[in-house]
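The block underneath contains the structure these notes are about, expressed in structure tokens.
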Amino acid sequence: MAWTLSVTELNDYVRRALASDPSLRFLSLRGEISDFKRYASGHWYFTLKDEQSRIQCVCYRQYAQRIDFVPESGMKVVLTGAVGLYTVSGSYQFYVETITRDGVGELYLKLEALKNKLLKEGLFDVAKKRQLPLLPRAIGVVTSRSGAVIHDIATVTRRRYPAMQIILRPAQVQGEGAAEDIAQGIAEIAMLPQVDVIIVGRGGGSLEDLWAFNEEIVVRAIAACPVPVVSAVGHEVDVTLSDLAADVRAATPSAAAELCVPERTALEATIHKMQESLGKAAQNRILTLQSRLAYDEKRLAARHPLSQVQSIRAKADLLSQRLQSAIEKQMTARKAKITLLSDKLNALGPRQALSRGYAVVRSGQNAVTSVTQATEEMTLLLQDGRIQVRTVDIRKEDPFGEEASNL
């Protein structure tokens, strides 16, 4: 008789059957890691594959903490653990307990070789990175028409600057021919004169999913692009060669739009602030020039010929006044000195002596000052006239002696 089971019962039966098989309990698997994801919970989720098949794997935090390295997509490893069934989805997976390195995957080796080649050519040189325009006339986007990338970019752009023009160049972003289409799309959209910046990207995925953005033709197209390029490939943990070649790498397409499109309100506030600063600067400049002009006019007026003549004339008048004052002062001083000398002369002169009762004796034109000079006839000069005298007696003695005092 056939069983009739619910889905849950069937999944639980298969889970227990797998768990009871000793050959599936302690198993080692060799393969290449793909689509590795590390979650905040500490759990690791990835795919292990070989040339023909793949299996989903999970390594819980208690086991991941014991592993001395963090796996990467493209890495060849050997896993130990057990096979089990995830009953919620009905899919079987490998529960990893240990991971050891087992070489590097072919894609990883190919990626590293191309990376080293382009690095030597200078395609990733930081000095060649260009700044993004402050306010682009239009943003070019090279991505899938149907993916979430263009939707996220448009949403952010409309919120930050509604009038910004977005020009989409649809491109195949995965699979055969994707790299050529992306490279051609970059070249085509860069030829549009209104496009000032280009966003190239797609959503996240495994190393294989993102491989088109590691192709040499795409990397060279980004490096040769005449306008700045923002790479928004995958999620924050995914790094492609296109990210290294781009002028700016954005963690997500939304972040790329935020980098390329300024906020209109913030831009208007900045412009208003700059206008105020410019007005104040212009006003201060005008005041400075007015002050300098007034100073120059004052200096020019002072150097005018008429001003020079007036200045010299004023100096001449001042010097003339000083000279006249000095002359008058000298004249007054000299007059006072002459008067003083005249008074002294008069006091010492013969007239003063005659007024005091003395007389001047002259013999002819000569003054007689000694009895030895006396002549027979002489003239006596008194204060009010002359007397002619004749000599009767001559005595040589002290004129103010005792005998003379008795006279």
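Each reported figure results from applying straightforward, stated rules to the coordinates on display, with no laboratory input. Keep in mind that this is a model prediction, so the values were computed, not measured. Methodologically, a virtual Cβ is constructed for each residue, glycine included, from the backbone with ideal geometry; neighbour enumeration extends over all protein chains shown.
Quick notes on this one:
- Extreme residue, positive dipole direction of the stretch 60-211, given options GLN131, LEU168, ASN116 (C-beta unit charges): GLN131
- Dipole magnitude of the chain, debye to nearest 20 (Cβ charges: Lys/Arg +1, Asp/Glu -1, about Cα centre): 2360 debye
- Projected label points at LEU109 and LEU27, each 7 Å from Cα along the beta carbon direction, are separated by 2.7 nanometres.
- Whether the stretch 278-318 is rounded, prolate or oblate, judged on the alpha carbon gyration tensor where a/c under 1.5 counts as rounded: prolate
- A helix-only calculation puts the chain at -14000 deg cm²/dmol for mean residue ellipticity at 222 nm, using -39500 (n - 2.57) for each DSSP H run of at least four residues, averaged over all residues.
- If you wrap the stretch 134-187 in the convex hull of its Cα atoms and look at it from every side, the mean projected area works out to 4.0 nm².
- Centre-to-centre separation between the Cα atoms of the stretch 218-254 and those of the stretch 336-402: 138 Å.
- The chain: angle of helix 178-190 to the longest principal axis, Cα-based, in degrees nearest 10: 30 degrees
- Scattering curve values for the chain, log₁₀ I(q)/I(0), Debye with Cα scatterers, q = 0.06, 0.10, 0.11 Å⁻¹: -0.55, -0.90, -1.00
- Per-residue Cβ neighbour rank within 10 angstrom, fewest leading, VAL233, VAL248, VAL261: VAL248, VAL261, VAL233
- Residue of THR391, THR87, THR157 that the Gaussian network model of the chain assigns the largest fluctuation, springs spanning Cα pairs under 10 Å: THR391
- Computed from Cα atoms, the angle from the helix 148-160 axis to the main principal axis of the chain rounds to 30 degrees.
- Looking at the chain, the DSSP beta bridges with both ends there are about 65 percent antiparallel.
- Expressed as a fraction of 2.2 N^0.38 Å, the value expected for a compact globular protein of N residues, the C-alpha radius of gyration of the stretch 267-396 is 3.13.
- Exposure proxy ranking, count of Cβ atoms within 10 Å, fewest first, for MET191, MET75: MET191, MET75
- Per-residue Cβ neighbour counts within 10 Å put HIS272, HIS235 in the sequence HIS272, HIS235, beginning with the fewest.
- Mean projection area, nm², convex hull over Cα of the stretch 110-262: 8.0 nm²
- Stokes-Einstein translational diffusion, the stretch 7-104 - Kirkwood Rh over all Cα pairs, 1.567 mPa s, 4 °C, in µm²/s: 93 µm²/s
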